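Shown next, in structure tokens, is the structure this report addresses.
The values are calculated or read from the model by the stated rules, or taken from the named source; none is laboratory data. Every value quoted in this text rests on a predicted model; they were computed, and no experiment measured them. All Cβ positions, glycine included, derive from the backbone under ideal geometry; neighbour counts span all protein chains shown. For accessibility, only protein heavy atoms count, side chains too; no ligands or nucleic acids. Shrake-Rupley method; radii C 1.70, N 1.55, O 1.52, S 1.80 Å.
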Amino acid sequence: MGSRVLTTEQLEEYSELTFLTKHEIHYIFKRFMKLGLSQIEQDFHFRFNSFYIMEEFPQLKFNPLRREIFKVFSSQQDGHFSFEDFLDLCSVMSENCPLKVKSAWAFKILDFNGDGVISQEDIHVLLDRLTGSDTLLKADKDHIADVLLQEMDLQHTGSMSQLEFLHAMSKMSSEFANAFSFRP
């Protein structure tokens, strides 16, 4: 690339492909460049380890779901991010991202075991991440998971599909959208 700024064409393309404004994209790029200007200038698609990204973007460093966020948004699912990977994450976490898109990504993050559904096991992992491991008794986690699945598992399969998750998130759209957002 050899340049310290995005080209007009790149800004235009990224603004068309994301839910971000050109100003937001430019700001994100300037912050991302702090990770390693020389690496980005040599290879625009250089992929940084999540450790470096967390140092520059503390909203990820302190997120209890950061490991899954890095895995899901990493184009190679290895926790390393290129600028475009990070831009995808920022786009989904933006206020302008539609609920359906946010919900689809949130579902991938919350499906901890990757089996395509959110099960009682996934809810247990979520509770451990939110409260700190071993804070809740297994019986308490079972009860919370049962209550959630009773409300959200419309097909009574014992787990929640992506469509059921979207349905539940649409019922609490403003709360979900606020919780699944951040400013870079």
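Observations on the structure shown:
- Straight-line reach from LYS34: taking Cα to Cα under 24 Å and skipping same-chain neighbours fewer than 8 places apart, the lysines in range are LYS22, LYS61, LYS71.
- The alpha carbons of the chain give a radius of gyration and a Dmax of 18.1, 58 Å, in that order.
- Using just its DSSP H runs of length 4 or more, each adding -39500 (n - 2.57), the chain gives a mean residue ellipticity at 222 nm of -17500 deg cm²/dmol after division by all residues.
- Shape of the stretch 117-184, Cα gyration tensor, a/c cut at 1.5: oblate
- Membrane-span-like helices of the chain, defined as complete DSSP H segments with a Cα extent of 15 Å or more along the helix axis and a mean Kyte hydropathy of at least 0.5, are identified as 99-110.
- Residues with amide H under 5 Å from that of PHE48, placed H, sequence gap 5 or more: PHE81, SER82
- Cα-centred dipole magnitude for the chain, charges only on beta-carbon of K, R (+1) and D, E (-1), debye, nearest 20: 560
- Shape call, the stretch 74-146: gyration tensor on alpha carbons, a/c limit 1.5: prolate
- Averaged over its residues, the stretch 4-81 has an accessible area of 60 Å² per residue, based on protein heavy atoms and a 1.4 Å probe.
- Aspartates and glutamates whose Cα lies under 12 Å from that of LYS102, excluding same-chain neighbours fewer than 8 positions away: ASP88
- Cβ-based charge dipole, the stretch 5-88, positive-most Cα from PHE48, TYR14, HIS26: PHE48
- Sulfur and carbon atoms: percent of accessible area, the chain [1.4 Å]: 53
- Selection from VAL117, THR131, PHE180, by position along the positive dipole direction of the stretch 112-184 (Cβ): PHE180
- SER119 long-range amide H proximity, modeled H, under 5 Å: MET160
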